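Note sheet for the following structure.
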Amino acid sequence: MHSETPFIDCTSLIENRTLLLEHVHKNGYLYFPALLPVDPVIRLRQQVFNVANQHNLLESDSDPIDGIRKEGVFICEQDGTETFRRFYIDVQKLRLFHALPHHKRIIDILEILFDSAVFIHPRHICHVIFPGEYQYTTPPHQDFHPVRGTQDTWTVWTPLGDCNTELGGLAIACGSNRSGFLNDNEVRSWKILDDNTQWVWNPFKCGDVVMFHSLTIHRGRDNVTNNRIRLATSARYQSVNDPIDEDALTVHLGCARWEELYDGWDTSDPLKYYWKAIDLNVQPAYHRRKK
Ligand SMILES: O=C(O)CCC(=O)C(=O)O
């Protein structure tokens, strides 16, 4: 059990860039309770769980919005099963999943933070966390390792629904951004995280949002419920002027091509390929260069 203190509410800092930057430098995160209106967040929750239901992952006599997993069913991003892949592609096809990270309330804050126009990476993640099997709980990590491009990339983590102690959620190692870029294996294995690490976490309400720097160490918390699935999304943002890794412009996990995801969307939907109209400094994919 790790000691945790609650997030500091940063709402009052939004109008003052100097205070915002001070908080960011010291803590590595920004926490905004009730930043987003509940309606689109709940609608996305409903849509993702409807997809889960179509894939036979939910208890048959339950209401999909409650996210009750079918007894004995467990899937996760790392398990490499066809069941997960098929489900995840259908989640990635949801237009709202790609539209919600563009919400004005998020972009307005990041514009102040970056002091420039914001570029929204199109590669979004849906965190679908089944209960149990804690070996798959997301270990501590820095997002710069998978994301690359500029270190001044920020992640916005949005729980799709209320998230209590049992459901878990996201915890942040307060101030870990100040340690610089660390050896990924040593972070993931907890080797360089001692007992003095100050973890921040508190229960989340639907509409709350946590933002953190790409060097800030964070982790998922175990979902210790009997049968409830935890849902969250994470999206990444940077100044439009900074370099971006070309893989950040692909679909998460490479599970599909954009053409496949866009198949059922309106032909003239402006959200399709929006990044192609922006003059970006795209770098060759770091992880493919390494292979
Ligand atoms: O939602 C989770 O369980 C983990 C999320 C996470 O690690 C991330 O957004 O990078």
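The values are calculated or read from the model by the stated rules, or taken from the named source; none is laboratory data. Here the structure is a predicted model, which means the values were calculated and not measured. Quick reminder, even Gly has a Cβ in these numbers, built from the backbone with ideal geometry, and neighbours come from all protein chains shown. Remember, those area values only see protein heavy atoms, side chains included, never the ligands or the DNA or RNA. Shrake-Rupley method; radii C 1.70, N 1.55, O 1.52, S 1.80 Å.
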Hey, what did the stretch 4-282 get for relative contact order, percent, Cα under 8 Å, at least 6 apart? 29 percent
If you filter the stretch 107-186 for GluC sites (Glu not before Pro), then keep DSSP loop positions with at most 16 other Cβ within 10 Å, what is left? Glu133, Glu166
Taking a crude spin-label model, label points 7 Å out from Cα along the C-beta direction, the Leu271 to Ile192 distance in nm is 3.8 nm
Taking protein heavy atoms only, a 1.4 Å probe, and rounding to whole percent, the accessible area of the chain owed to carbon and sulfur comes out at 48 percent
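How much net charge surrounds Glu71 when only the other residues with a Cβ under 13 Å from the Cβ of Glu71 are counted, with Lys and Arg +1 and Asp and Glu -1? Spell out each step's value before the answer.
Working: positive: Arg69, Lys70, Arg228; negative: Glu59, Asp61.
It works out to a net charge of +1.
Short version: what are the Cα gyration tensor semi-axes of the chain, square root of 5 times each eigenvalue, largest first, in whole Å? The partial results should precede the final answer.
Numbers: eigenvalues 143, 117, 76 Å².
Working through the eigenvalues yields semi-axes of 27, 24, 19 Å.
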Taking the alpha carbon gyration tensor of the stretch 1-154, what are the square roots of 5 times its eigenvalues, largest first, to the nearest whole Å? 32, 19, 17
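For the stretch 1-78, state which GluC sites (Glu not before Pro) are in a DSSP loop and have at most 13 other beta carbons lying within 10 Å of their beta carbon. All intermediate terms of the calculation are to be shown ahead of the outcome.
Details: sites: Glu4, Glu15, Glu22, Glu59, Glu71, Glu77; in loops: Glu15, Glu59, Glu71.
Here the GluC sites (Glu not before Pro) that fit, given the DSSP loop and packing criteria, are Glu15, Glu71.
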Keeping all protein chains in the complex and leaving out DNA, RNA and ligands, what accessible area do you get for Arg257 with a 1.4 Å probe, in Å² to the nearest 10? 130 Å²
Quick one: which of Lys104/Lys276; Lys70/Lys205; Lys104/Lys205; Lys70/Lys272; Lys93/Lys276; Lys93/Lys205 span more than 30 angstrom between C-alpha atoms? Lys70/Lys272
Indicate the gyration tensor shape class of the stretch 211-291 (rounded, prolate or oblate), computed on the Cα atoms with a ≥ b ≥ c the square roots of the eigenvalues: a/c under 1.5 is rounded; otherwise a/b larger than b/c is prolate and the rest oblate. oblate
Any chance you could check the Cα centroid distance between the stretch 229-276 and the stretch 193-220 for me, in angstrom? 24 Å
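What translational diffusion coefficient, in µm²/s and rounded to a whole number, does the Stokes-Einstein relation yield for the stretch 1-84 at 37 °C and a viscosity of 0.692 mPa s, taking the hydrodynamic radius as the Kirkwood radius over Cα pairs? Could you put the intermediate results ahead of the total?
Values: Rh = 16.5 Å.
Approximately 199 µm²/s, per Stokes-Einstein.
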For the stretch 4-282, accessible area per residue (1.4 Å probe, heavy atoms of protein chains only), Å²: 44 Å²
Return the loop-located chymotrypsin sites (Phe, Trp or Tyr not before Pro) in the stretch 215-269 (DSSP other than H, G, I, E, B) with at most 14 other Cβ atoms within 10 Å of their own Cβ; answer none if there are none. Trp265
